[in-house]
1. Among (1) closer than 30 Å to LEU91 by Cβ; (2) out of contact with any Asp or Glu (no Cβ under 9 Å at 6 or more places or on another chain); (3) more than 11 Å from ligand 1 (Cβ to nearest atom), where does LEU171 come up short?
2. Here are LEU68, LEU79: which of them is in contact with a Phe, Trp or Tyr (Cβ under 6 Å, 6 or more places away or on another chain) and under 30 Å from LEU16 (Cα atoms)?
3. Sort out which residues of region 8-40 are among the hydrophobic types (A, V, I, L, M, F, W, C), within 12 Å of ligand 1 (Cβ to nearest atom) and not in a helix (DSSP H, G or I), and write them in order of number.
4. Being in contact (Cβ under 8 Å) with a residue 12 or more places away in the chain and either in a helix (DSSP H, G or I) or open to solvent by 50 Å² or more (accessible area, probe 1.4 Å) (or both) is the requirement here; does ASP148 meet it?
5. So is PHE110 of a type in the set (Phe, Trp, Tyr) and at pLDDT 95 or above or not?
6. Out of region 1-48, which residues are among the hydroxyl-bearing types (Ser, Thr, Tyr) and over 17 Å from the mean Cα position of the chain (by Cα)?
7. Within the set of pairs 6+ apart or on separate chains, which have a first residue in region 180-192 that is closer than 11 Å to GLY146 by Cα, a second that is among the polar types (S, T, N, Q) and loosely packed, with under 14 Cβ neighbours inside 10 Å, and C-beta atoms under 6 Å apart?
8. Any residue in region 214-229 that is touching a His at 6+ places or on another chain (Cβ under 9 Å), surrounded by 11 or more Cβ atoms within 10 Å (Cβ to Cβ), assigned to a helix (DSSP H, G or I) and not polar (S, T, N, Q)?
Amino acid sequence: MSRILTGIQSTGKPHLGNILGAILPAIELSHRDENDAIYFIADLHSLTTVRDPKVLKENTLAVAAAWLAFGLDTNDSILFRQSDVTEVCELTWYLNCFTPYPMLANAHSFKDKSSRLNEVNVGLFDYPVLMAADILLYDSEFVPVGKDQKQHLEITRDIAGSFNHAYGETLVLPEALINEKVMVVPGTDGQKMSKSYNNYIDIFQNDKALRKQVMTIVTDAKSLEEPKDPDTCNVFRLYELLAMEAEIEDLRAKYLAGNFGYGHAKDALFQVICKRFEKERNAYEELMATPALIENELSKGALRAKLIAGKVIKRVREKVGY
Ligand code: ADP
Ligand code: TRP
């Protein structure tokens, strides 16, 4: 068995890009027999920017509800909330004492903001060390992450290496699992779908609002009668990611034949989103209407995570001399 672990940012309700690019691949990994998967919602990391307790809490619930709705099996894998396992803060301190200042000063996550130093809190500066603690606290072997997190994994390995050098083999050196083939889901304006570009599709809203959002997808100005090019159309690009082979070919033919407007294409996309995610949208709604169900799952995950974390932190304390 390989222990895989990843942290999920709790920046709110996941959009279609997060679902296709992150949630579904991670759930697929967790279903493989050879993997022992631990996924957590990184709400301690969120405190570097989120200052509203209500938002912090709701974001966590929305993210957890999405993962549960998409079928993460919490009897097999562990899903927990980072702040429920406070041992991670203790380990962060130990690791801080093995982290050279210049290593953090050179981290992209900090450098990107170093022109506005008065806006940078120490939590943000120390973010990579908290992330290292997240990983090392569970003896993680593989960490599925996006390319942008590669440097954080290198930092984690460096810190673990320094600790092991001082005390002998204690911490497991993790490897990044970077999926180079991961798809980039386009947003309503054709750029990468992202919360920060406000071009996302939220499949978890009601039909009316979802339909309205699909209707905002940017297209060219061809008239209803004109034949259209499916391969340069934002609506078609999304449709291709969600529909069945035969449906895609059917829509392609309609584009090429003409007398088929973008309104029709958007309607077809809306229908395919509803059909493909019917079960998940219902499950999400039910969970969000009963937060106790989500809390229950997260508490169960925290108990199991604490068992693993407790053993590792004991090992570390003994080595350090506490
Ligand atoms: P956002 O850009 O909306 O802030 P995040 O950066 O929080 O999204 O991404 C969370 C996860 O979702 C990451 O694993 C990221 O790779 C994935 N993801 C985000 N947007 C997309 C997209 N448009 N296509 C594919 N994957 C995406
Ligand atoms: N920094 C990661 C991101 O921005 C989230 C994260 C926090 C994480 N702790 C982690 C990822 C530990 C993997 C392992 O996406």
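1. The one condition LEU171 does not meet is (2).
2. Among LEU68, LEU79, only LEU79 is in contact with a Phe, Trp or Tyr (Cβ under 6 Å, 6 or more places away or on another chain) and under 30 Å from LEU16 (Cα atoms).
3. ILE8
4. It is true that ASP148 is in contact (Cβ under 8 Å) with a residue 12 or more places away in the chain and either in a helix (DSSP H, G or I) or open to solvent by 50 Å² or more (accessible area, probe 1.4 Å) (or both).
5. Judged against the criteria, PHE110 is not a match.
6. To start, the set of residues in region 1-48 that are among the hydroxyl-bearing types (Ser, Thr, Tyr) comprises 2, 6, 10-11, 30, 39, 46, 48.
Those that are among the hydroxyl-bearing types (Ser, Thr, Tyr) and over 17 Å from the mean Cα position of the chain (by Cα): SER2, THR48.
7. Partner pairs satisfying both residue conditions: none exist.
8. Scanning region 214-229, I find no residue that is touching a His at 6+ places or on another chain (Cβ under 9 Å), surrounded by 11 or more Cβ atoms within 10 Å (Cβ to Cβ), assigned to a helix (DSSP H, G or I) and not polar (S, T, N, Q), so the answer is no.
The values are calculated or read from the model by the stated rules, or taken from the named source; none is laboratory data. Predicted model, so just to flag it, every value in this text is computed and none were measured. Glycine also receives a Cβ, built like all others from the backbone with ideal geometry; neighbour counts cover every protein chain displayed. These accessible areas exclude ligands, DNA and RNA; they are computed on the full protein's heavy atoms, side chains included. Shrake-Rupley method; radii C 1.70, N 1.55, O 1.52, S 1.80 Å.
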